[in-house]
1. Using a Förster radius of 35 Å, what is the FRET efficiency between residue 151 and residue 17 based on their Cβ-Cβ separation? Nearest 0.05, please.
2. Please state the shape class of region 90-175: rounded when a/c is under 1.5, otherwise prolate if a/b exceeds b/c and oblate if not, all from the C-alpha gyration tensor.
3. With each pseudo-label sitting 7 Å past Cα toward Cβ, what's the residue 41-residue 214 distance in nm, one decimal?
4. For the chain, what is the calculated [θ] at 222 nm in deg cm²/dmol (nearest 500), taking -39500 (n - 2.57) for each run of four or more DSSP H residues and dividing by its residue count?
5. Take peptides 7-15, 189-197 and line them up by average Cβ neighbours within 10 Å, highest first, as a rough protection proxy.
6. With labels modelled as points extended 7 Å from the Cα through the Cβ direction, what inter-label distance (nm, one decimal) is found for residue 116 paired with residue 25?
7. Quickly work out the residue 221-to-residue 207 label distance, labels modelled 7 Å from Cα along the C-beta direction, and quote it in nm with one decimal.
8. What is the list of residues in region 72-97 whose amide nitrogen lies under 19 Å from a point 7 angstrom out from the Cα of residue 166, following Cα to Cβ?
Ligand code: BTN
């Protein structure tokens with residue numbers, strides 16, 4: 001695994017996608033800043049110096065079913081790898097917010113954008129590490145430095161996360177998804193929370209249960225359990 005480091009790129013995901021033939025599995029590209037960082041649902045990721053901003057690539061395995069249902073699990077595995085990697089620098093009570101955010105005490109610390117082209121997954125991760133969040137975001141996002149007052153080695157955080165991903169991905173391809181899922185559910189930030197889920201123009205209200213075997217979030221409303229594979233989740237009473 002090689003991490004190629006840049007001062008500035010438009011987006012580490014885009015750079016890897018455009019230069020895919022230069023990279024092998026688990027290689028990564030990191031940037032100090034990005035001028036056009038991408039977030040999920042076509043949103044922008046505002047990149048601040050001091051964040052860990054990187055993308056690494058993973059190949060689709062024989063193990064995957066042909067209908068691509070395994071694709072849903074890659075973001076979940078990435079989120080858990082981010083938590084386990086971060087624990088090596090600072091052991092805090094990080095939580096996993098479905099589908100793939102890392103939260104600390106109700107605030108977002110990391111976002112992950114997984115893209116796929118042919119048999120390659122591009123796992124793009126942005127983490128608030130040494131940056132300090134602007135005032136207007138301090139009620140919804142947090143950095144590691146904001147919490148502890150320390151400065152961290154961003155390169156180490158990046159390699160620790162990729163190493164953790166490698167271990168989890170191997171476990172996954174050995175057919176032990178249930179072990180990974182149990183760990184993710186232990187860290188399920190949304191569990192028991194009253195939420196609304198937005199999927200397209202539809203809004204659905206209910207109380208979050210576990211993430212199921214297919215990687216979907218289960219939400220109970222009345223006596224019925226509904227499962228969702230996509231959607232944006234809002235905690236009731238909290239605006240994001
Ligand atoms: C989200 O929270 O919606 C996902 C944000 C992902 C941001 C990271 S920063 C590094 C990588 N390059 C990008 O352009 N995006 C991801």
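Values quoted throughout were computed directly from the atomic coordinates according to the rules given, and no laboratory measurement underlies them. Quick caveat, the model's predicted, so the values are computed rather than measured. Here Cβ is always computed from backbone atoms with ideal geometry, including for glycine, and neighbour counts include all displayed protein chains.
1. Details: r = 31 Å, r/R0 = 0.90.
With R0 = 35 Å, the Cβ-Cβ based efficiency is 0.65.
2. Values: a/c = 2.02, a/b = 1.73, b/c = 1.17.
In terms of gyration-tensor shape, prolate.
3. Between residue 41 and residue 214, the simple spin-label model gives 2.2 nm.
4. Working: 5 runs with 59 residues, N = 240.
The helix-only estimate for the chain comes to -7500 deg cm²/dmol at 222 nm.
5. Values: 7-15: 18.8, 189-197: 17.0.
Per-residue mean Cβ counts within 10 Å order the peptides as 7-15, 189-197.
6. Distance between label points: 1.6 nm.
7. 1.6
8. 77-89
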